[in-house]
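**Student:** Dropping a structure here in structure tokens format, bear with me for questions.
The values are calculated or read from the model by the stated rules, or taken from the named source; none is laboratory data. Keep in mind the model is a prediction, meaning the values are calculated, not measured. Every residue, glycine among them, receives a Cβ derived from its backbone with ideal geometry; neighbour counts consider all protein chains shown.
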Amino acid sequence: MNENNANINIENENEEVKNAIYSSKFLMNKDLYYDFCSVSYNRTKKVFLIFFCLVAYLIGINLLVGNYDIVVGFGPFISFLMILIYFRTKKTIKIGYERVVISAGKESTLHYELFEDKIVSHIDELKREYFYHQITKFFETKNFILLHLQYNLHITIEKSSLNASVDEVKSFLMNKCTLVKKKKFINCSNDKKWSLVFLISLIVVSLIGTVVALLLKINSIL
């Protein structure tokens with residue numbers, strides 16, 4: 001590379017930085033990483049809610065028709081599976097953070113720049129470009145605006161480091177991301193808590209159903 005080419009590249013890079021409309025730069029520490037992973041509980045919360053409703057319905061129906069063995073069998077089994085899912089999610093997040101730190105040798109600095117036609121990310125020394133048509137969903141946590149890409153990847157824009165108001169950036173993204181069907185930022189801040197609430201509710205319903213089924217079965221035998 002000669003000197004002229006080097007000067008052109010430097011000028012282009014300076015122009016690119018200058019023309020960025022919005023930007024966010026932050027250190028992805030442990031607290032921020034765990035907040036970002038709140039989005040992982042969004043699907044878990046929905047699964048627990050669906051199974052809570054399903055188990056409650058099936059317990060009620062089978063108790064009414066006298067299928068006590070079915071109630072005793074599937075209630076605790078489903079609860080056990082949901083407990084495994086919850087703790088597997090927690091473990092996956094913990095391992096994910098440790099893997100990121102070990103891979104980079106440190107907590108990474110992330111820098112996102114929003115241009116008219118693309119989003120440029122700088123993760124330590126690694127640079128990537130994304131386009132607005134690649135974004136499929138909007139999520140939000142306490143600290144982040146999250147832009148969902150395919151393969152369950154996310155662009156993480158940290159709110160407090162933005163060079164503009166959060167509402168302004170969200171409005172900009174909703175106008176730019178034309179392929180997002182649901183023009184709404186899904187708030188995941190409390191999804192871990194709601195996942196636990198639905199899980200405990202499922203366990204309680206299963207235990208009550210099992211106890212009632214056993215008592216009714218014993219009563220029918222006697």
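**Student:** Does any residue in the range 122-146 that is in contact (Cβ under 8 Å) with a residue 12 or more places away in the chain and under 11 Å from Y112 (Cβ atoms) come within less than 6 Å, Cβ to Cβ, of a residue that is hydroxyl-bearing (S, T, Y) and surrounded by 15 or more Cβ atoms within 10 Å (Cβ to Cβ) six or more places away or on a different chain, and which pairs are these?
**Tutor:** I123/S108; F144/T156
**Student:** If you don't mind, there's one more thing I want to ask. May I ask you to list the residues in the range 161-170 that are touching a helix residue (DSSP H, G or I) at 6+ places or on another chain (Cβ under 9 Å) and under 26 Å from S40 (Cβ atoms)?
**Tutor:** Scanning the range 161-170 gives L162, V166, V169.
**Student:** Shifting gears a bit: Only one of these is of a type in the set (D, E, K, R), out of contact with any His (no Cβ under 9 Å at 6 or more places or on another chain) and part of a loop (DSSP other than H, G, I, E, B): E168, E116. Name it.
**Tutor:** Details: E168 fails: part of a loop (DSSP other than H, G, I, E, B).
So the residue among E168, E116 that is of a type in the set (D, E, K, R), out of contact with any His (no Cβ under 9 Å at 6 or more places or on another chain) and part of a loop (DSSP other than H, G, I, E, B) is E116.
Yes/no per residue for (1) modelled with pLDDT under 95; (2) of a type in the set (D, E); (3) touching a helix residue (DSSP H, G or I) at 6+ places or on another chain (Cβ under 8 Å); (4) under 21 Å from C37 (Cβ atoms):
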position: D117; (1), (2), (3), (4): yes, yes, yes, no
position: F138; (1), (2), (3), (4): no, no, yes, yes
position: K142; (1), (2), (3), (4): no, no, yes, yes
position: K159; (1), (2), (3), (4): no, no, yes, yes
position: F172; (1), (2), (3), (4): no, no, no, no
position: S195; (1), (2), (3), (4): no, no, yes, yes
position: I200; (1), (2), (3), (4): no, no, no, yes
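**Student:** Taking Y41 and the conditions (1) of a type outside the set (D, E, K, R); (2) within 16 Å of H154 (Cβ to Cβ); (3) free of Cβ contacts under 8 Å to residues at least 24 places away in the same chain, which numbered condition does it fall short on, given that it satisfies the others?
**Tutor:** (3)
**Student:** Kindly indicate the residue of the range 74-98 that is under 20 Å from F198 (Cα atoms) and out of contact with any helix residue (DSSP H, G or I) (no Cβ under 8 Å at 6 or more places or on another chain) and also surrounded by the most Cβ atoms within 10 Å (Cβ to Cβ) among those meeting that condition.
**Tutor:** Out of the qualifying residues, it is K90.
**Student:** Considering each residue of the range 150-169, count those that are farther than 23 Å from T109 by Cβ and crowded, with 17+ Cβ neighbours inside 10 Å, and give that number.
**Tutor:** 0
**Student:** Specify which of the listed residues (L110, L147) is surrounded by 14 or more Cβ atoms within 10 Å (Cβ to Cβ), closer than 25 Å to T44 by Cα and of a type in the set (A, V, I, L, M). Give the steps one after another, and end with the answer.
**Tutor:** Details: L110 fails: closer than 25 Å to T44 by Cα.
Of L110, L147, the one residue that is surrounded by 14 or more Cβ atoms within 10 Å (Cβ to Cβ), closer than 25 Å to T44 by Cα and of a type in the set (A, V, I, L, M) is L147.
**Student:** Would you mention how many residues in the range 133-176 are among the polar types (S, T, N, Q) and under 18 Å from the mean Cα position of the chain (by Cα)? Explain how you work it out, then say what you get.
**Tutor:** Taking the range 133-176 first, the residues among the polar types (S, T, N, Q) are 134, 136, 141, 143, 150, 152, 156, 160-161, 163, 165, 171, 175.
Adding the requirement that they be under 18 Å from the mean Cα position of the chain (by Cα) leaves 134, 136, 141, 143, 150, 152, 156.
Residues in the range 133-176 being among the polar types (S, T, N, Q) and under 18 Å from the mean Cα position of the chain (by Cα): 7 in total.
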